[in-house]
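The values are calculated or read from the model by the stated rules, or taken from the named source; none is laboratory data. Computed from a predicted structure; not experimentally measured. All Cβ positions, glycine included, derive from the backbone under ideal geometry; neighbour counts span all protein chains shown. Ligands, DNA and RNA are stripped out before the accessible areas are found, and what is left, the full protein with its side chains, is counted by its heavy atoms. Shrake-Rupley method; radii C 1.70, N 1.55, O 1.52, S 1.80 Å.
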Amino acid sequence: MMESVHVTASRDYDVHIGSGLLDTCGAQITAVTASRRCALVTDSAVAPLYASRVEASLRHAGIEACTYVFPAGEQNKNLATYGDILAFLAEHRLTRSDFVVALGGGVTGDMAGFAAATYQRGIDYIQMPTTFLAASDSSVGGKTAVDLPAGKNLVGAFWPPRLVVCDCDTFQTLPEDTFADGVAETLKHGLIADAAFFDFLMRQPIREHLSEVVRRNVEIKAAVVAEDEYESGKRKLLNFGHTLGHAIEKCSAYAVPHGHAVAIGMVLATRAAERLGYSPRGTLETVLAGNRRYGLPMECPYAAQELYDAATGDKKRRGGKIDVVVLEEIGRAKTIPLDLDGLRVFVEAAL
Ligand code: NAD
Ligand code: GLY
């Protein structure tokens, strides 16, 4: 069982979503590339669960794969691991016509994608998301990156994948908290772009509608990316909850996972927006209700000054301005460019 969403970008690609796709990925991949050599990049938690099935499917399709496993976790999404992946590609003599398969969550996809974007000035890669977050958000849209000590995703490239193959069965082995990270980005998509989808998420248990929910997430993101792949306008709306969310991740030394930080960031941004008159009364209560329903956090463990210091290092800062995203109503968002004084007022109103 499989359905597909087409993404229109500088290079178009399909996102296949379904059940059992780990075992058929080789055939899907040979449909989009003539190359028969790849590097499978995955992390230490995903490798023992799923790498051998992907390797078998690749082999069955006549594709030779060498596998690189890095230690799982956001703290390893850095230049050192990225350098190790590049060295591995070079040692195995991958050429410009070969490709990378990123099997794992958003950390794997972002980092293997960035290695593919830069190795020999750019080779193809296939996203195979295994977290609900990666399936619903990070594997689509072509943003690739690693973190620096100064902040999240500070080095990266826009580099569209050749194909995304999402086997929703893999979510069955996710720890509950990691599944919830994907729920946060899902709620975000409803809040910024589709009130009916948000309403659906509030009435139906996500777990009983996984393929359908992933598909709607991908459709929402694909529509934004088709309009603004390089984030000069509309794509900024996908950063709802992210300016303060990234600050929370950084303040916690990445102990707070991305989705949880975004969940808190959406609450903070909406509290500030309501207090400052950007969002109508009652918006915060709706955002809180979403988090409450899915066991996502609502409280920020950091003080305004700490958040402000971390947020002013965010790459979304342009010159003296930093963009924050607020809800005009449920299902519709807008970007507000703030100067540093404005950001201070926003952060203070958020807590
Ligand atoms: P992750 O990749 O670290 O995965 C979370 C944990 O789950 C890891 O320990 C991983 O090993 C484990 N895991 C993965 N799949 C599993 C499975 N099926 N069963 C059991 N364990 C599994 O984190 P994530 O939440 O997937 O992604 C977060 C990252 O994505 C952040 O770095 C964030 O910045 C990035 N992101 C990028 C974009 C983008 O557009 N590029 C969008 C959103 C988030
Ligand atoms: N996650 C934000 C984006 O892809 O633009």
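Having 3 or more residues that are out of contact with any Pro (no Cβ under 6 Å at 6 or more places or on another chain) and of a type in the set (Lys, Arg) is the bar; report the helices (runs of 4 or more DSSP H) wholly within the range 167-249 that clear it.
Ranges flagged: 210-227.
Among the listed residues Leu40, Leu86, identify the single one that is under 16 Å from Asp124 (Cβ atoms) and open to solvent by less than 10 Å² (accessible area, probe 1.4 Å).
Just a single option satisfies the conditions, and that option is Leu40.
Looking only at the range 58-73, count how many residues are more than 21 Å from Leu89 (Cβ to Cβ) and over 22 Å from the mean Cα position of the chain (by Cα).
1
Can you tell me which residue is farthest from ligand 1 (Cβ to nearest atom) among those in the range 148-159 that are open to solvent by 10 Å² or more (accessible area, probe 1.4 Å) and not aliphatic (A, V, I, L, M)?
Of everything passing the filter in the range 148-159, Pro149 is farthest from ligand 1 (Cβ to nearest atom).
Going through the range 205-227 one residue at a time, which ones are open to solvent by less than 50 Å² (accessible area, probe 1.4 Å) and touching a strand residue (DSSP E or B) at 6+ places or on another chain (Cβ under 6 Å)?
Residues satisfying the conditions are Ser211, Val214, Val218, Ala222.
Would you please name the residue that is farthest from ligand 2 (Cβ to nearest atom), looking only at residues in the range 244-255 that are in contact (Cβ under 8 Å) with a residue 60 or more places away in the chain and either small (Gly, Ala, Ser) or open to solvent by 10 Å² or more (accessible area, probe 1.4 Å) (or both)?
So the residue we want is Ala253.
Every residue in the range 109-138 that is more than 16 Å from ligand 2 (Cβ to nearest atom) and either surrounded by fewer than 24 Cβ atoms within 10 Å (Cβ to Cβ) or among the acidic types (Asp, Glu) (or both), please.
Correct list: Thr118, Tyr119, Gln120, Arg121, Gly122, Ile123, Asp124.
Touching a residue at least 12 places away in the same chain (Cβ under 8 Å), open to solvent by 20 Å² or more (accessible area, probe 1.4 Å), under 19 Å from Gly142 (Cβ atoms) and not aromatic (Phe, Trp, Tyr), is that true of Ala9?
Spelling it out, Ala9 is indeed touching a residue at least 12 places away in the same chain (Cβ under 8 Å), open to solvent by 20 Å² or more (accessible area, probe 1.4 Å), under 19 Å from Gly142 (Cβ atoms) and not aromatic (Phe, Trp, Tyr).
Can you confirm whether Asn217 is under 20 Å from the mean Cα position of the chain (by Cα) and more than 30 Å from Met2 (Cβ to Cβ)?
no
Answer with yes or no whether Lys236 is open to solvent by 50 Å² or more (accessible area, probe 1.4 Å) and within 13 Å of ligand 1 (Cβ to nearest atom).
Answer is no for this residue.
Of all strands (runs of 3 or more DSSP E) completely enclosed by the range 1-90, which ones contain at least 2 residues that are farther than 29 Å from Glu227 by Cβ?
Once the strands (runs of 3 or more DSSP E) in the range 1-90 are filtered for at least 2 residues that are farther than 29 Å from Glu227 by Cβ, what remains is 37-43, 64-70.
Condition first: within 12 Å of ligand 2 (Cβ to nearest atom) and open to solvent by 10 Å² or more (accessible area, probe 1.4 Å). Can you find one or more residues in the range 171-179 that meet it?
No: the range 171-179 contains no residue that is within 12 Å of ligand 2 (Cβ to nearest atom) and open to solvent by 10 Å² or more (accessible area, probe 1.4 Å).
Output the residues belonging to the range 180-204 that are out of contact with any His (no Cβ under 9 Å at 6 or more places or on another chain) and either open to solvent by 10 Å² or more (accessible area, probe 1.4 Å) or at positive phi (or both).
Once the filter is applied, which keeps residues that are out of contact with any His (no Cβ under 9 Å at 6 or more places or on another chain) and either open to solvent by 10 Å² or more (accessible area, probe 1.4 Å) or at positive phi (or both), the range 180-204 yields Ile192, Ala193, Asp194, Ala195, Ala196, Asp199, Met202, Arg203, Gln204.
How many of the residues in the range 199-248 are charged (D, E, K, R) and under 18 Å from Leu296 (Cα atoms)?
Residues in the range 199-248 being charged (D, E, K, R) and under 18 Å from Leu296 (Cα atoms): 3 in total.
Is there any pair with a first residue in the range 280-295 that is more than 20 Å from Pro175 (Cα to Cα) and a second that is surrounded by 13 or more Cβ atoms within 10 Å (Cβ to Cβ) and β-branched (Val, Ile, Thr) whose Cβ atoms are under 6 Å apart and which are 6 or more apart or on different chains, and what are they?
Hits for this filter: Thr283/Thr270; Leu284/Thr270; Thr286/Ile330; Val287/Val267; Val287/Thr270.
Do the conditions hold for Tyr125, that is, is it more than 8 Å from ligand 1 (Cβ to nearest atom) and closer than 20 Å to Ser4 by Cα?
yes
Which condition breaks for Val15 when tested against (1) among the hydrophobic types (A, V, I, L, M, F, W, C); (2) more than 16 Å from ligand 2 (Cβ to nearest atom); (3) touching a Ser or Thr at 6+ places or on another chain (Cβ under 8 Å)?
Every condition holds for Val15 apart from (2).
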